[in-house]
Amino acid sequence: MPSKVCLVGSGNWGSAIARIIGENTKKLPETFERDINMWVFEEQVDGRKLTEIINSEHENVKYLPGYKLPDNIIAVPDLLEAVRGADILIFCVPHQFLGRMLVSIKEQGLKQGAMAVSLIKGIDFDENGVVLVSDLIRKGLDIDCSVLMGANVANEVAAGDFCESTLGCADLRHGALLRELFNAPTFRVDVALDPHGVEMCGALKNVVALGAGFCDGLKYGGNTKAAIIRIGLSEMKKFCFKYFDGVKEDTFFESCGIADLITTARRLS
């Protein structure tokens with residue numbers, strides 16, 4: 001049976017990724033159901049509901065203006081209606097809103113064998129220390145959760161500029177299926193059996209990139225910025241090896257690691 005996909009989130013990045021997965025589900029009818037529900041936080045734009053604009057004009061005029069969405073992306077304002085019957089849940093929302101969303105989804109119930117993938121860059125904390133967003137999803141819904149991270153500026157992805165991304169997963173079968181969903185000629189996805197390492201790269205690179213930005217503010221040159229990026233990458237590795245089991249050295253040289261660090265450092269400069 002083809003897998004039903006739901007995209008939870010419709011901001012700048014969510015809408016950009018919708019362009020890719022929408023085209024892929026149309027091309028792979030034996031693997032995925034054609035239509036994708038995209039949960040949209042309902043807003044008014046020039047007196048019209050955002051969901052109505054997306055479904056009629058196939059464009060997220062607020063968060064990704066100028067780029068058409070595939071006609072099989074269906075904007076749904078009700079979260080529980082959007083996720084109902086989904087085999088693959090793609091989360092692309094600010095992590096601070098995730099908790100109550102997971103409670104609502106869990107109460108409704110999920111399809112047996114459902115899986116999730118997080119596109120959310122960031123981490124949380126509790127009394128025991130660092131909490132990964134993917135762990136919040138795993139525990140909140142009691143399903144497996146992979147992660148997709150990389151040097152992926154949303155508008156550049158939407159424009160079709162070539163880039164890469166890293167799919168971190170614990171189950172290679174899930175990785176193979178999700179790669180079919182996300183991979184595209186201009187969006188090359190590599191699978192890494194290191195979900196913790198991939199996800200932490202997506203969070204920690206922001207700290208290092210801030211340091212690179214300070215270089216510009218202080219009028220330091222490229223030598224200093226390069227040193228900060230190199231030292232920062234080394235410290236990212238040490239942090240991950242110290243606090244997470246199974247992190248792999250190679251992960252830091254994937255798109256989620258050094259590539260995302262360079263891209264973010266450049267954009268913050």
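Got a sec? How would K106, K237 order by Cβ neighbour count within 10 Å, fewest to most?
Final ranking by Cβ density, sparse to dense: K106, K237.
Over the chain, what is the relative contact order in whole percent, taking alpha-carbon pairs under 8 Å and six or more residues apart?
Relative contact order, the chain: 16 percent.
In which sequence would C6, C215 go, from the one with the fewest C-beta neighbours within 10 Å to the one with the most?
Going from sparsest to densest Cβ surroundings: C215, C6.
Among the lysines, which fall within straight-line cross-link reach of K242, defined as a Cα-Cα distance under 26 Å, with same-chain neighbours fewer than 8 residues apart omitted?
Result set, ordered by chain and number: K121, K139, K205, K225.
P(r) of segment 25-179 in 5 Å steps, Cα pairs, percent per bin?
Each 5 Å bin holds this share of Cα pairs: 1, 8, 15, 19, 22, 19, 11, 4, 1, 0.
Under a 10 Å cutoff between Cα atoms, tell me which one of G22, G122, G246 has the largest fluctuation in the Gaussian network model of the chain.
Of the options given, G246 has the highest mean-square fluctuation.
Once Rh for the chain is found with the Kirkwood sum over Cα pairs, what is the Stokes-Einstein diffusion coefficient at 20 °C and 1.002 mPa s, in µm²/s?
112
Among the complete DSSP H segments of the chain, which ones combine at least 20 Å of alpha-carbon extent along their axis with a mean Kyte-Doolittle hydropathy of 0.5 or more?
Span-like helices here: 195-217.
Which order results if F244, F41 are arranged by neighbouring Cβ count within 10 Å, fewest first?
Fewest-to-most ranking of F244, F41: F41, F244.
Readers should treat all values here as calculations from the given coordinates under stated rules, not as data from a laboratory. Because the structure is predicted, anything quoted here is derived from the model rather than measured. Reconstructed Cβ throughout: ideal geometry from the backbone, glycine too, with neighbour counts over all protein chains shown.
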